[in-house]
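Report on the following structure.
The values are calculated or read from the model by the stated rules, or taken from the named source; none is laboratory data. If you're wondering where the values come from, they're calculated on a predicted model, not measured in any experiment. Positions of Cβ are backbone-derived with ideal geometry, glycine not excepted, and every protein chain shown enters the neighbour counts.
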Amino acid sequence: MCTFSTQDDIIEDVFRLYSTYFFTLMIKRFSGFIQKPATKKGVLGIWIGLIISVIVLYMLFPKHFTAEGIHVFVIEFNTLALGVYFSISLIRGLFLIPSTPFVLAGALLFPTNLSLVFVISMLGIMGSGTFIYHAAHFLDFSEKRGEKINRLNEKIRRSGFWIVLTWSFFPLVPTDLICWVAGRVRIAFWKYILALFIGEAVLVAIYLTCYQYFLN
């Protein structure tokens, strides 16, 4: 019985060894594949295509992208409305859609639970901001940049926290743009995400407070 047990252990060790080797090999190959310029260009092309599609839809059906339009769409899901609202709040950043109508739509959907709307809105903003930051970093083709561009990037990196904070707090500019710039010039992630959180948290809180005030 000891012999069989030893043989089983050996077979298990060999299987584990080969599984680890195969998994590591696949990870290396996949990593090499996604780092190829052709792959990055393909991903960028698909992403741009999706954004253009959303722009076309916006031009054809602008009412569907307002707070009222989003509210009507989500409320049709009845008991699943909360899950649907959370999902579209999270993925809207993929298409560079502003967060403001989604925040206001949340207030229309859940007027008695604005704290929940705040949490979902911030999770969506932080999620999309993280994605865009890393996407900008990943889709950097490492092209040669001029000395002036490098100096400008360095200045932005040094003042990155305050630039992101000011930009994300200002409601008339697209937040997703500064997310892309932050990833492109490689502002430290913790500075970027902290500034984004503070600026957007204040802005979302103002939106919801104003909504509650006018509702009352």
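Residues being assigned to a helix (DSSP H, G or I) and either under 30 Å from THR112 (Cβ atoms) or small (Gly, Ala, Ser) (or both): count how many of those fall in the range 177-216. Qualifying residue count, the range 177-216: 23.
Taken over the range 48-70, residues that are in contact (Cβ under 8 Å) with a residue 12 or more places away in the chain, farther than 21 Å from ILE132 by Cβ and among the aliphatic types (A, V, I, L, M) amount to 1.
Being at pLDDT below 90, in contact with a helix residue (DSSP H, G or I) (Cβ under 9 Å, 6 or more places away or on another chain) and on the phi < 0 side of the Ramachandran plot is a condition met by no residue of the range 195-209.
For the range 72-93, the count of residues that are assigned by TED's automatic domain parsing to the domain that holds SER168, among the acidic types (Asp, Glu) and touching a residue at least 12 places away in the same chain (Cβ under 8 Å) is zero.
Entry remark, the range 177-216: residues being closer than 18 Å to LEU165 by Cβ and loosely packed, with under 12 Cβ neighbours inside 10 Å number 1 in total. In the range 45-164, counting only helices (runs of 4 or more DSSP H) that sit wholly within it, the ones holding 2 or more residues that are at pLDDT 85 or above span 67-75, 81-91, 100-109, 114-138.
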